[in-house]
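This report concerns only the one structure given below.
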Number of protein chains: 2
Amino acid sequence: MNKVIEMEFLEKAEIFKALAHPTRLFIIHTVKDKKMSVKELTELVGIDISTMSKHLDILKKHKIIEGDKFKNFIYYRLAIPCVLDFMSCAIKVINKK
Amino acid sequence: MNKVIEMEFLEKAEIFKALAHPTRLFIIHTVKDKKMSVKELTELVGIDISTMSKHLDILKKHKIIEGDKFKNFIYYRLAIPCVLDFMSCAIKVINKK
DNA sequence: AAGCAATTTGGTATTTTTGCCAAATAGAAA
DNA sequence: TTTCTATTTGGCAAAAATACCAAATTGCTT
């Protein structure tokens, strides 16, 4: 495979990988309506807070979410609504056939 | 997290996982225009044919592609064009900011 | 400054994914 | 039937992803 083409698909795959985890999809779903802190998200999902922090970091690195600092909280919100199209399309893919 | 909700995101994540690999994205990109056999795809990408077969199997299991048998070839094609929206959206996500 | 709460980081064990090889299967052609 | 080609399967080793704990950091609030 051509190196340039290969690079293109490597980069795209990175985005899909960032989305390919139930907790991270839940974060996107939750943060689309309401800003949420790390602690709040952690309690909703029921995992270790350090694990949640790392999931948020993965989404942040790909600019899928962004965090706003308020006191010593960080409130996350969805940065790219386009990702919601991913989600609704995913449902169609699952339900068809 | 509510069990039902959890199941929803688990299922969605499965779809994203199926797409989260450069070779599999290349397959989708290639098969959208032209039916291709396992061997043809293998030669384009330059990996072991058994590896390609397994990538195709993952996409097939999620109904993302479908194969038509002709002689002892199997020609694959894109089953759900909706996935292309994923792809073009992914480009936007990458290029923005 | 000291204590406290929210978040991140480092380390590690576990699980999952990936890719190759070798062998098995399927089917066409000789 | 035998041979040849295309594809799949099983097994295994290497790489990547995940989750927890413990410790560090950040920045309020006393």
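With a simple spin-label model that places each label point 7 Å from the Cα along the Cα-to-Cβ direction, the separation between A:E6 and B:M7 comes to 4.3 nm.
Given an 8 Å cut-off on Cα distances and at least 6 residues of separation, report the relative contact order of chain B as a percent.
On the way: 73 pairs, mean separation 24.1, N = 97.
Normalised by residue count, the contact order of chain B is 25 percent.
The aspartates and glutamates within cross-link reach of B:K69, meaning a Cα-to-Cα straight distance under 20 Å and a gap of 8 or more places when in the same chain, are B:D33, B:E40, B:E43, B:D57. When only the Cβ of Lys, Arg, Asp and Glu is charged (+1, +1, -1, -1), the dipole of chain A relative to its Cα centre reaches about 160 debye.
For the residue pairs B:K34/B:K63; A:K92/B:K12; A:K92/B:K61; A:K54/B:K61; A:K39/A:K71; A:K92/B:K54, the C-alpha atoms sit more than 20 angstrom apart in A:K54/B:K61; A:K92/B:K54. The rotation axis that maps chain B onto chain A passes nearest to the beta carbon of this chain B residue, listed with its distance in whole angstrom: B:A20, 2.
Near the amide H of A:I65, within less than 5 Å, lie the amide hydrogens of A:K60, A:A79, all on another chain or at least 5 residues away, with H placed in the peptide plane. Of the residues A:K60, A:K12, A:K71, the one that moves most in a GNM of chain A with alpha-carbon contacts below 10 Å is A:K71. In segment B:47-65, whose amide N lies under 16 Å from the spot 7 Å out along Cα-to-Cβ of B:K35? List them in ranges. Under cut-off, by backbone N: B:65. Each Lys and Arg Cβ is given +1 and each Asp and Glu Cβ -1; about its Cα centre, the protein assembly as shown then shows a dipole of about 260 debye.
Using DSSP H assignments, which helices in chain B have an axial alpha-carbon span of 15 Å or above and a mean Kyte-Doolittle hydropathy of 1.0 or higher?
B:82-95
Read-outs: derived from the displayed coordinates by stated rules, not from any lab. Everything numeric in this text was worked out from a predicted model, so none of it was measured. Here the Cβ is made from the backbone with ideal geometry for all residues, glycine too, and neighbour counts use every protein chain on show.
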